[in-house]
Amino acid sequence: MKNKIWMSSPHMGENEFKYVKDAFDTNWIAPAGPYLPKFETSICDYTKAKHSLAVTSGTAAIHLALRLLEVQQDDIVLCQSLTFIGSAVPILYEKATPAFIDSESNTWNMCPEALETAIKKSSKKPKAIIVVHLYGMPSKMEEIMSISQKYDIPIIEDAAEALGSSINGKQCGTFGEFGVYSFNGNKIITTGGGGALVSKDKEAIDQARFLSTQAKENALHYEHITFGYNYRLSNISAAIGCGQLEVLNDRIAKKRNLFTHYKSSTNIKLQKEPKGYISNRWLICGLLDDKKQRDNLIDELAKYNIESRPVWKPMHLQPLFKGTSYYGSNISEGIFDRGICLPSDTKMVDEDIEKINEILTNFFL
């Protein structure tokens with residue numbers, strides 16, 4: 001059988017191994033060492049975020065942001081419904097109450113109208129808003145930021161899938177009070193598993209750094225006044241990240257070029273970029289006519305050992321969140337029923353792309 005074509009797998013550049021070897025040679029095999037601040041500085045240099053903290057996952061970064069915003073038991077946190085569970089489950093870590101917001105049909109992200117409805121109908125003022133840039137497509141941040149400011153509710157911007165995406169030149173992850181990135185193995189760049197929290201607020205990032213290292217006080221012995229977490233990224237992972245950031249623009253260019261190939265060869269209704277929006281096209285996604293056609297296409301690609309999958313199942317449909325408040329008109333449910341994530345791997349060669357295009361063309365004959 002032909003080697004599997006993955007949807008989005010790790011893709012190493014030339015320098016990652018060199019940096020990891022240097023970390024080994026200098027014995028910095030710990031959640032401390034020279035590559036951590038270098039990686040954090042590189043994240044800021046790329047995104048133009050003021051301050052950053054490298055942690056073990058995007059989920060950890062969201063959890064830290066909720067903690068910094070003093071989200072507590074029974075507080076309401078508004079969260080985009082169409083997303084990976086890592087966006088929402090940290091709300092439960094703090095025993096707060098999630099309320100889910102529907103998508104709008106253009107970007108598939110949080111609907112500003114549904115968001116404002118949720119705020120008006122909430123039993124008390126929500127403590128935070130978690131908006132997601134799904135699959136690399138920027139959300140309608142101008143409208144969402146306006147609502148955030150109108151009601152004085154801070155935004156946690158989940159850009160886990162959107163490193164390198166932008167709106168009118170401003171990087172996703174730098175609009176809200178906090179921004180979050182993921183470097184999981186399937187992301188556009190990877191540290192093998194990892195994430196980052198960014199903010200304009202230096203004191204907040206300093207506090208997040210403190211919490212991410214078990215909240216150890218500045219004492220000769222181990223002193224703890226409050227509890228923290230084991231969330232700090234390792235120096236080894238940061239070394240990988242330094243090399244990966246060097247090739248990020250190349251990865252984005254490859255993804256966007258792949259989107260152009262798909263656009264010319266398929267009847268799938270692919271996501272379009274609104275004016276001024278740049279998507280990194282982390283996963284190239286689109287809609288088919290109905291669920292049956294979508295599932296048949298996934299099965300057809302699988303026959304050739306090619307990975308594809310449905311889009312995320314909305315959080316308000318997940319058994320874990322049964323009975324949770326949901327605001328909207330079921331746009332996200334329709335996207336879930338018809339949406340597909342196409343193979344978007346940057347290691348694909350021309351032969352792979354041609355084969356997929358051939359399968360897609362024949363499927364719609």
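No lab work stands behind these numbers, since they all come straight from the coordinates. Since we're looking at a predicted model, the values are computed, not measured. Counting neighbours? That spans all protein chains shown, and the Cβs are built from the backbone with ideal geometry, glycine included.
What's the magnitude of the charge dipole for segment 248-363 around its Cα centre, counting Lys and Arg as +1 and Asp and Glu as -1 at the beta-carbon? Answer in Debye, nearest 20. Spell out each step's value before the answer.
Details: 19 positive and 16 negative charges, 99 e Å.
Its charge dipole is roughly 480 debye.
What translational diffusion coefficient, to the nearest whole µm²/s, does segment 211-298 have by Stokes-Einstein, given a Kirkwood radius computed over alpha-carbon pairs, a temperature of 10 °C and 1.306 mPa s viscosity? The partial results should precede the final answer.
Values: Rh = 17.6 Å.
D = 90 µm²/s.
Which residues does the label zone of LYS125 cover in segment 74-89, counting backbone N under 17 Å from a point 7 Å along Cα→Cβ?
Zone members listed by number: 74-78.
Which residues among segment 176-202 fall inside the zone where the amide N is under 20 Å from a point 7 Å beyond the Cα of MET12, along Cα→Cβ?
The answer is 183-195.
Taking amide H atoms as placed 1.01 Å from N in the peptide plane, list the residues 5 or more away in sequence, or in a different chain, whose amide H sits under 5 Å from that of GLN171.
Hits under the 5 Å cutoff: none.
Could you list log10 I(q)/I(0) for segment 248-363 at q = 0.21 Å⁻¹, which the Debye formula gives when each Cα is one point scatterer?
Debye output, listed in q order: -1.21.
When the Karplus curve 6.51 cos²θ - 1.76 cosθ + 1.60 is applied with θ = phi - 60°, which whole-Hz ³J(HN,Hα) does each residue of segment 116-129 get, with x for Gly and Pro?
Listing the rounded values in order: 5, 4, 4, 5, 5, 8, 5, 5, 8, 4, x, 8, 7, 10 Hz.
Ordered by packing density, taken as the mean number of other Cβ atoms within 10 Å over each peptide's residues, highest first, how do 76-87, 281-292 rank? Intermediate values should be presented prior to the final figure.
On the way: 76-87: 25.0, 281-292: 20.4.
Top to bottom by mean Cβ count within 10 Å: 76-87, 281-292.
What does the net charge come to around ALA96 if you take all other residues with beta carbon closer than 10 Å to its beta carbon, with K and R at +1 and D and E at -1? Please report the intermediate quantities before stating the final value.
Details: positive: LYS95, LYS127; negative: ASP74, ASP75, GLU94.
Overall, the nearby charge balance is -1.
Amide H of ALA99: which non-local residues (sequence gap of 5 or more, or other chain) have their own amide H closer than 5 Å, using H built in the peptide plane?
VAL77, LEU78, CYS79
Let me see the pair-distance distribution of segment 117-161: every alpha carbon pair, 5 Å bin width, integer percents in order.
P(r) for segment 117-161, in whole percents per bin: 5, 21, 29, 23, 13, 7, 1.
First obtain the Kirkwood hydrodynamic radius of segment 76-214 from its Cα pairs, then insert it into the Stokes-Einstein equation at 20 °C and 1.002 mPa s, and state the resulting D in µm² per second as a whole number.
Numbers: Rh = 15.3 Å.
Using the Kirkwood radius from Cα pairs, D works out to 140 µm²/s.
Nearest 20 debye, what's the magnitude of the dipole of the chain about its Cα centre given +1 on Lys and Arg Cβ and -1 on Asp and Glu Cβ? List each step's numbers first, then the result.
Details: 42 positive and 43 negative charges, 53 e Å.
Dipole magnitude for the chain comes out near 260 debye.
Which value in deg cm²/dmol, rounded to the nearest 500, describes the helix-derived mean residue ellipticity at 222 nm for the chain, given -39,500 (n - 2.57) per DSSP H run of n ≥ 4 and division by the residue count? Before the final figure, lay out each step's value.
Working: 12 runs with 136 residues, N = 365.
Computed mean residue ellipticity for the chain: -11500 deg cm²/dmol.
Need the full-extension length gain, GLN73 to LYS272, defined as separation in residues times 0.36 nm minus the C-alpha distance. One decimal, nm.
On the way: separation 199, 0.36 × 199 = 71.64 nm, distance 3.93 nm.
Separation in residues times 0.36 nm, less the Cα-Cα distance, equals 67.7 nm.
When we measure straight from the Cα of LYS150, which lysines land under 22 angstrom away, once same-chain ones fewer than 8 places off are left out?
The qualifying lysines are LYS120, LYS121, LYS124, LYS125, LYS127, LYS140, LYS170, LYS200.
So if R0 is 25 Å, what FRET efficiency would GLU246 and ASP350 give, r being the distance between their Cβ atoms, rounded to the nearest 0.05? Write down the numbers at each step before the final one.
Values: r = 24 Å, r/R0 = 0.97.
After rounding to 0.05, the efficiency reads 0.55.
Hey, can you rank 57-69, 25-37 by average C-beta count inside 10 Å, highest first?
On the way: 57-69: 25.2, 25-37: 15.7.
Descending packing order for the listed peptides: 57-69, 25-37.
How far, in nm, would the chain grow between LYS263 and ASN106 when pulled straight, counting 0.36 nm per residue and subtracting the alpha carbon separation? Please report the intermediate quantities before stating the final value.
Working: separation 157, 0.36 × 157 = 56.52 nm, distance 1.66 nm.
Between LYS263 and ASN106, full extension yields 54.9 nm more.
Where does each of 143-151, 99-107 land if you order them by average Cβ count within 10 Å, highest first?
Working: 143-151: 16.1, 99-107: 23.0.
Ranked from most to least packed, the peptides come out as 99-107, 143-151.
Between LYS292 and THR26, what is 0.36 nm times their sequence separation minus the Cα-Cα distance? Round to one decimal in nm.
Values: separation 266, 0.36 × 266 = 95.76 nm, distance 5.53 nm.
Result: 90.2 nm gained on full extension.
Along the charge dipole of segment 1-81, which of ALA32, PRO10, ALA54 sits closest to the positive end, that is, farthest toward it, with unit charges on the beta carbon of Lys, Arg, Asp and Glu (+1, +1, -1, -1)?
Farthest towards the positive end: PRO10.
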